[in-house]
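The values are calculated or read from the model by the stated rules, or taken from the named source; none is laboratory data. Because the structure is a prediction, the values reported are computed rather than measured. Don't worry about glycine lacking a Cβ; one is built from the backbone with ideal geometry, like all the others, and counts go over all protein chains shown.
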Ligand code: FES
């Protein structure tokens, strides 16, 4: 059951925080597709804190139940519109399946921050 994770590509993608107005404060997020990474599907980059290297986390939008694209974060969660699974979007529960039929967390991608650049490893 469930959707297979996207293959690891080994690519690193860098975002400049100064250019990302939606990521200036905790709780902000962007939804973006990066070339062929994540199987060509979008990811959500979420700012989960304002304290340093662990400020940003990245998860796939592909629901692990049947592959629908989850909604953008709201109230610290993301919700899948197809059958209602919810997933965490905060530091302590990021991408975790909180409710609904999804069998596993959303796929995540290691994300680092050096104070100005956000680097996502696919
Ligand atoms: S595809 Fe997301 S809950 Fe079914």
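The one condition from (1) under 13 Å from the mean Cα position of the chain (by Cα); (2) in a loop (DSSP other than H, G, I, E, B); (3) away from the ligand (no atom under 15 Å from the Cβ) that residue 106 does not meet is (3).
Annotation note: of 89, 53, the sole residue that is within 16 Å of the ligand (Cβ to nearest atom), farther than 17 Å from residue 3 by Cβ and touching a strand residue (DSSP E or B) at 6+ places or on another chain (Cβ under 8 Å) is 89.
Look at residue 64 and say whether it is under 22 Å from residue 8 (Cβ atoms) and within 9 Å of the ligand (Cβ to nearest atom). Taking the combined requirement at face value, the residue satisfies it. Only one of the numbered conditions (1) touching a residue at least 40 places away in the same chain (Cβ under 8 Å); (2) closer than 14 Å to residue 107 by Cα; (3) more than 15 Å from the ligand (Cβ to nearest atom); (4) more than 12 Å from the chain's Cα centre (by Cα) is not met by residue 40, and that is (1).
Only one entry in 92, 115 is in contact with a helix residue (DSSP H, G or I) (Cβ under 9 Å, 6 or more places away or on another chain), surrounded by fewer than 21 Cβ atoms within 10 Å (Cβ to Cβ), assigned to a loop (DSSP other than H, G, I, E, B) and at pLDDT 95 or above, namely 115.
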